[in-house]
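Working notes, structure below.
The values are calculated or read from the model by the stated rules, or taken from the named source; none is laboratory data. Being a predicted model, the structure only gives us computed values, none of them experimental. Please note: Cβ atoms are built from the backbone with ideal geometry, for glycine as well, and neighbour counts cover all protein chains shown. Accessible surface is based on the protein model in full, side chains and every heavy atom, while ligands, DNA and RNA are left aside. Shrake-Rupley method; radii C 1.70, N 1.55, O 1.52, S 1.80 Å.
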There are 2 protein chains.
Amino acid sequence: MNKQREARDARHRTRQDEIIAAARRCFRQSGFHAASMAQLASAASLSVGQIYRYFPSKDALIEEMVTRIVDSRVAAMSEQTDASHLADMIARRDTLNEEDEMLMLEVAAEASRNPRVAEILQTAETRLFHNACEKMRVDYPHLSDAQRAACVEVLAVLVEGTAFRRLTTQKASADLLHTLYKQMIHDLVKPSEDK
Amino acid sequence: MNKQREARDARHRTRQDEIIAAARRCFRQSGFHAASMAQLASAASLSVGQIYRYFPSKDALIEEMVTRIVDSRVAAMSEQTDASHLADMIARRDTLNEEDEMLMLEVAAEASRNPRVAEILQTAETRLFHNACEKMRVDYPHLSDAQRAACVEVLAVLVEGTAFRRLTTQKASADLLHTLYKQMIHDLVKPSEDK
């Protein structure tokens, strides 16, 4: 019995993965707002009815997609080792998964007009923010909670601002940027008595 | 004759303004990709034919919209006085015109799939970047061109990252952020012998 259920669950997950992959393609192509459930179904080679069995709405689908993107960002963050490495990634605009970034742009644009998507974005960002604060607590125990929250906010601005600017040509020297960002991040987390 | 032409030009500009205002509403509501010329025409109380007389394509319309947004950003930049003021604006997330920001999110999402819109975004960003470098040259003559370009890039990341994060709740203290950003911006533009 258990084996049967396991097999069924595995099939369910595989099908979910296929639908999410097809939805990502559709959202990239037409935008979240313009992509219809019929289009998604066709891209996943399924009927609309089958899609609804896995995701009751387009919002539910985007929620699962965003959850997965945040999961992968949390995992990437836990591998982040030092300030110089992070500074280098920002300076070279090599911050996040590029396709994920473009999809999050789509989500952000949609969030500005759809309250349900705004809520999904909020929940995802809060989870990421708290994870980052928790990592900071381990790496920089000398900072207060309020200081850690401010550091996480500044780092998020740097990472997301850089991701957003990926759509434009980099006009500054990556080496100079690396030096500037390294110093910035160093100053951000240095012991508070020096501040 | 000249008076007739002036009156005609004024009418033309008024009509253009009305179309841009209607297009902004449509793009905010449906997204750039999903908004059709028929929808734009209806929002502007014009026929599709009349819209085409002013803008030969949706891309031409978005180009004019982006040009106007950049014009207003260049104007705002020239009024920027000191680092503390800029730090305060970033800390309070009071950076740019909120509706403009949301429209630029739309443009960015569209740029990731439409090469013509990507080009419009590039051109606009280059104009803004060079304007900022020129302002830096006047305000901070001790910096080299390369240093100025790096400063402008960092400031752009801070401003645009902050604008992007406006869609999420601010979890850090604005006062702490203000202190951090003020120090960052100060260090960014300090005389190079101290660097």
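Observations on the model:
- For the stretch A:95-105, Karplus couplings with θ = phi - 60° (6.51, -1.76, 1.60), whole Hz, Gly/Pro x: 7, 10, 4, 4, 5, 4, 4, 5, 5, 5, 4
- Helix axis angle, A:115-139 relative to chain A longest principal axis, alpha carbon, degrees: 40
- Selection from B:G31, B:H12, B:G49 lying farthest towards where the dipole of the stretch B:1-56 points positive, charges on Cβ: B:H12
- Per the Kirkwood formula applied to alpha carbons, chain A shows a radius of gyration over Rh ratio, Rg over Rh, of 1.05.
- Along the stretch B:36-47 the Karplus relation, 6.51 cos²θ - 1.76 cosθ + 1.60 evaluated at θ = phi - 60°, assigns HN-Hα couplings of 9, 4, 4, 5, 4, 4, 5, 5, 8, 6, 10, 7 Hz to successive residues, with x for each Gly and Pro.
- Interface size, chains A and B: roughly 4400 Å² of accessible area buried, both sides included, 1.4 Å probe, rounded to the nearest 100.
- Only Lys, Arg (+1) and Asp, Glu (-1) charged, at Cβ; the stretch A:17-152 dipole about Cα centre in debye: 340
- Net charge of Cβ neighbours under 10 Å - reference A:F55; Lys, Arg +1; Asp, Glu -1: -1
- Surface share of carbon and sulfur [accessible, 1.4 angstrom probe, percent] for the stretch B:1-64: 47
- In the calculated pair-distance distribution of the stretch A:95-148, the portion above 17 angstrom amounts to 52 percent of the Cα-Cα pairs.
- Net +/- balance of residues flanking A:G161 in space, Cβ distance below 9 Å, scoring K and R +1, D and E -1: 0
- Acute angle (nearest 10 degrees) that the helix B:174-189 long axis makes with the longest principal axis of chain B, alpha-carbon atoms: 80
- Eigen-decomposition of the gyration tensor built on the alpha-carbon atoms of the stretch A:20-86 gives equivalent ellipsoid semi-axes of 31, 12, 9 angstrom, largest listed first.
- Against the rule of thumb 2.2 N^0.38 Å, how large the Cα Rg of the protein assembly as shown comes out: 1.10
- On the rotation that sends chain B to chain A, the chain B Cβ lying closest to the axis gives residue and distance in whole Å as B:G161, 1.
- Inter-copy separations for B:D145, label at 7 Å along Cα-Cβ, nm, ascending: 5.1
- Using only alpha-carbon positions in the stretch A:1-56, the gyration tensor eigenvalues give semi-axes of 26, 10, 8 Å once each is multiplied by 5 and square-rooted (largest first).
- With label points defined 7 Å past Cα in the direction of Cβ, position B:E6 shows copy-to-copy spacings of 8.6 nm, given to one decimal and shortest first.
- Remark: the stretch A:74-195 carries a charge dipole of roughly 260 debye about the Cα centre, counting +1 on each Lys and Arg Cβ and -1 on each Asp and Glu Cβ.
- Solvent exposure of the protein assembly as shown as accessible area per residue, Å², 1.4 Å probe: 48
- Plainly put, the tip 7 Å out from Cα toward Cβ on B:A75 is 4.9 nm from that tip on each other copy, the closest given first.
- Here the dipole of the stretch A:1-56 is about 120 debye; that uses its Cα centre as origin and unit charges on the Cβ of Lys and Arg (positive) and Asp and Glu (negative).
- For the protein assembly as shown, the 222 nm mean residue ellipticity estimated from helices alone, with every DSSP H stretch of n ≥ 4 adding -39500 (n - 2.57) and the total spread over all residues, rounds to -25500 deg cm²/dmol.
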